[in-house]
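Structure, as structure tokens:
The values are calculated or read from the model by the stated rules, or taken from the named source; none is laboratory data. Because the structure is a prediction, the values reported are computed rather than measured. Virtual Cβ from ideal backbone geometry, glycine too; neighbours counted across all protein chains shown. Protein only, heavy atoms only, side chains kept; ligands, DNA and RNA dropped before computing areas. Shrake-Rupley method; radii C 1.70, N 1.55, O 1.52, S 1.80 Å.
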Amino acid sequence: MALSVIPFSIILFDLPSISKYPDSYIVSKSIVTKTQGYCIFVSLLICFALSALVFNYLHSKDAADQLHSLPPKRIALYISNTLASFLLLLLPIILNTVILLILKLNLADKFEIQLKEIFFWGLNITAVSSLFFSIATCCAIITGTPFVQIFLSFVVLMLPSFLYYTFISNLKNWLYGYYPSPSSAVVERINPLLRMFTPVPPSSPLKPMEYTGFFSIAFFLIVLGSILYNFRKIESAGQSIVFEFFKHIFRYGAALCGALLVGLYFPYIEQGKSYSLAISGYLIVSFVCFLIAEMILNKKINVFNKSLLRYGYFVIFLFFVIGIIKLDLFGFEKYVPQEREIKSVVFKDYFFIGNYSEDISTFENPEIVKMVVNLHRQIIKQKQEITKEKDSNSPYKTTLYISYNLKNGKKIQRIYDVDIQKLSHYLKPLYENRTFKYNLYGIFKIFPTNVKSVSLSKYGNYSSTSDTSSKPTIKSSDIPELLEVLKEEIYNRKFEDIINNTKDPWGDIVIDLKTPIYHGKTPFSYIPILFEKNFTKLEKWLTKKGYIRFARIMPDEISYAIIGKSNNPDKLKNTLMGNINLEKIKGGKKIIDKVLIDKYLRMCENPYHFGSYMTSKKEIYYIIFFGKSPRILHVGILKDL
């Protein structure tokens, strides 16, 4: 009856609405998608409860003795119980599917749901129910109590996705360059219970391989259960686990799951450091889980005896696996494919260049491929130096992602946290390469004929400097020349300018397009460009054309500036970017000279940028620019005067 929520809701709520509004009311397919999680959850509870009820006689010695003293053989008992249970499971699914089909056939034009979607709904519930029931049935044969059977059924159901996710996540702590990318699609496929949280529309049925997998696993578990049933001793009723082999799997599996779980809480273990802390965490938590497993198996708390020495086997296994990984016996850390094997390379610098999508960051140019390969080899060569400096406070730290798409179809992914300045010899020619820049920046795909308008806005990091009532725009006749200047500035931008960019930009230049362009696989209807302070040619062009005062804060907009000093960078940062209390800022030097104001506007750096504090002096200068209101327009810090 619990599965009848879909047809009953249609009959009780939708049919009256159809009668009332015959020309407009349509039964939406969302009624199926929204209840998918509910149906899977109900199926899970029914399957586990039904299996526990049907095979409950195995968990009571008197009932087991009585039933097994009757003429029917064990296999006959097992098959009859299993088939009867499957029939009980299938009847409500078939009944509800038939009711939905009848409703669809009689109200064809009023149903958004298609016949095939109803069929696949029934097939999906049948597939997951078969898997749930087979797991619970196999666990019923292995265990001797209903509670452990249901507990173990949940564990077995969740175990594949848990091991997949935690093992991949743990590897990042131990393998240099390993890129953890557990796929949610894979996790969902190996655990149908997760479909409750990621509902699939009925028009998107399970894949043939998934149907095959679910039914094959269900059949295998039922057959395995029948084999184990023949070896099960009647007197084992009441035991937590009735087979010695599965007792070992249970206790060592609990220890392994505990170790993998605690590994998720060590994501920031530094390579080459704190390994003793990680191993201690693995050992402590795995031992606690091993102890709990022993308590469940023995059904008592006092399990402190010689049997705990078995934990030593797990310790040996743990150190063996860690040793294999750290010695890199499979050559994972040192592997770099040959250039002739590479079809294309994906390269990302998450901090200094930005996390562009993979299709934008993919390069097939042989020159770029060679530069990335050389960079990768150097990173591997400098492994010891890089890992030692990983927790330093260098402002040049970034994360590099490298992925090779090989000609044989394979994909090699690596990720490294590095000090970009230490690799400048290899990164400079890459970051200044024209093909590299052409791929990353959408402006190079823009033609003047496709530009609708170009608007300017200047930037004040403390309060807005733009007039929101009107946005200055570039004349149509000047747009082609502006695009050329912008492209040239980006092409000529040096590696040093990219990594030392601690200054706020002057403002934004937004290019609105007539027809969206594709930058990678994503369409863009406008392209924003930052007007950096080192874009001197662009500044000269804007000055020449009379646009400069709309693109940056001009000295004549500043009535005066105050320069002070501080020896506490963190406190200063919070002071400058919060609500500035001028009463607390005393002893500052007042500047009114427009030439000096322009000089300091160009020199001042963003208080939030850590690189701004890298100075040999203990004291750091700060500067506050006041408009003519007077109100604060801009704040920054100065490394020197």
**Report entry** The lone exception for S344 - which of (1) surrounded by fewer than 18 Cβ atoms within 10 Å (Cβ to Cβ); (2) within 16 Å of H425 (Cα to Cα) it fails
**Finding:** (2)
Requested in this report: All but one of (1) more than 28 Å from N355 (Cβ to Cβ); (2) assigned to a helix (DSSP H, G or I) hold for S463, so report the exception by its number.
Outcome: (2)
Query raised in the report: Of all residues in region 563-588, how many are open to solvent by 40 Å² or more (accessible area, probe 1.4 Å) and modelled with pLDDT of 85 or more?
Result: 0
Report summary line: Those residues of region 35-55 that are farther than 22 Å from W121 by Cβ and under 32 Å from the mean Cα position of the chain (by Cα) come to a total of 0
Requested in this report: Quickly run through region 361-391 and pick out the residues that are in a loop (DSSP other than H, G, I, E, B) and surrounded by fewer than 19 Cβ atoms within 10 Å (Cβ to Cβ).
Outcome: E364, N365, Q382, E389, K390, D391
Requested in this report: Of all residues in region 444-454, count the ones that are surrounded by fewer than 18 Cβ atoms within 10 Å (Cβ to Cβ) and either at pLDDT 95 or above or touching a strand residue (DSSP E or B) at 6+ places or on another chain (Cβ under 7 Å) (or both).
Outcome: 4
**Report entry** Number of the condition not met by K521 [criteria: (1) modelled with pLDDT under 90; (2) in contact with a strand residue (DSSP E or B) (Cβ under 9 Å, 6 or more places away or on another chain)]
**Finding:** (2)
Query - P337 vs. criteria surrounded by fewer than 14 Cβ atoms within 10 Å (Cβ to Cβ) and modelled with pLDDT of 90 or more - result: no
Report task. Could you give me the residue pairs with C-beta distances under 6 Å whose first residue belongs to region 350-364 and is closer than 16 Å to L406 by Cα, whose second residue is assigned to a loop (DSSP other than H, G, I, E, B) wherever it lies, and which are 6+ apart or on separate chains? Result -> D359/G520; D359/K521
Requested in this report: Considering each residue of region 284-308, count those that are among the small types (G, A, S) and farther than 20 Å from G238 by Cα, and give that number.
Outcome: 2
Report task. Being closer than 23 Å to F243 by Cα and either of a type in the set (S, T, N, Q) or part of a loop (DSSP other than H, G, I, E, B) (or both) is the filter here, so list the residues in region 277-305 that pass it. Result -> S286, N298, K299, K300, I301, N302, V303, F304, N305
Report summary line: When I402 is run through (1) in contact with a His (Cβ under 9 Å, 6 or more places away or on another chain); (2) free of Cβ contacts under 8 Å to residues at least 12 places away in the same chain, the failure sits at (2)
**Report entry** All positions within region 346-366 that are out of contact with any strand residue (DSSP E or B) (no Cβ under 8 Å at 6 or more places or on another chain) and under 24 Å from K334 (Cβ atoms)
**Finding:** P366
Query raised in the report: Restricting attention to region 426-437, does a residue exist that is more than 22 Å from P505 (Cβ to Cβ), within 36 Å of the chain's Cα centre (by Cα), at pLDDT 90 or above and among the hydrophobic types (A, V, I, L, M, F, W, C)?
Result: yes
Query raised in the report: Of the residues that make up region 396-418, is at least one among the aromatic types (F, W, Y), in contact with a Ser or Thr (Cβ under 6 Å, 6 or more places away or on another chain) and open to solvent by 10 Å² or more (accessible area, probe 1.4 Å)?
Result: no
Requested in this report: Just one of (1) under 43 Å from the mean Cα position of the chain (by Cα); (2) open to solvent by less than 10 Å² (accessible area, probe 1.4 Å) trips up I558, so point out which.
Outcome: (1)
Report summary line: Among (1) in contact with a Phe, Trp or Tyr (Cβ under 6 Å, 6 or more places away or on another chain); (2) in contact (Cβ under 8 Å) with a residue 12 or more places away in the chain; (3) over 20 Å from S153 (Cβ atoms), L67 falls short only on (2)
**Report entry** Pick from region 495-541, criterion within 18 Å of P480 (Cα to Cα), without any contact (Cβ under 8 Å) to a residue 40 or more places away in the chain and in a helix (DSSP H, G or I), ranking: least open to solvent (accessible area, probe 1.4 Å)
**Finding:** E539
Report summary line: By residue number, the members of region 41-97 that are in a loop (DSSP other than H, G, I, E, B) and either among the aliphatic types (A, V, I, L, M) or within 18 Å of F132 (Cβ to Cβ) (or both) are F55, L70
Report task. Check region 105-119 and report whether any residue there is open to solvent by 50 Å² or more (accessible area, probe 1.4 Å), at pLDDT 80 or above, in a helix (DSSP H, G or I) and more than 19 Å from I249 (Cα to Cα). Result -> yes
Report task. Restrict the check to region 121-134 and report whether at least one residue is among the small types (G, A, S), assigned to a helix (DSSP H, G or I) and under 31 Å from the mean Cα position of the chain (by Cα). Result -> yes
Requested in this report: Please find, within region 82-127, the residue that is farthest from F219 (Cα to Cα) out of those that are of a type in the set (F, W, Y) and in contact (Cβ under 8 Å) with a residue 60 or more places away in the chain.
Outcome: F111
Query raised in the report: Of all the residues that make up region 144-185, how many are part of a helix (DSSP H, G or I) and of a type outside the set (G, A, S)?
Result: 23
Query raised in the report: What number of residues in region 405-425 are within 20 Å of the chain's Cα centre (by Cα) and either in a helix (DSSP H, G or I) or not polar (S, T, N, Q) (or both)?
Result: 6
Report task. Examine region 310-318 for a residue that is under 30 Å from I379 (Cβ atoms) and at pLDDT 90 or above, and state whether such a residue exists. Result -> yes
Report summary line: Of the listed residues (L277, L261), the one being at pLDDT below 90, within 23 Å of the chain's Cα centre (by Cα) and either open to solvent by less than 40 Å² (accessible area, probe 1.4 Å) or under 25 Å from Y416 (Cα atoms) (or both) is L261
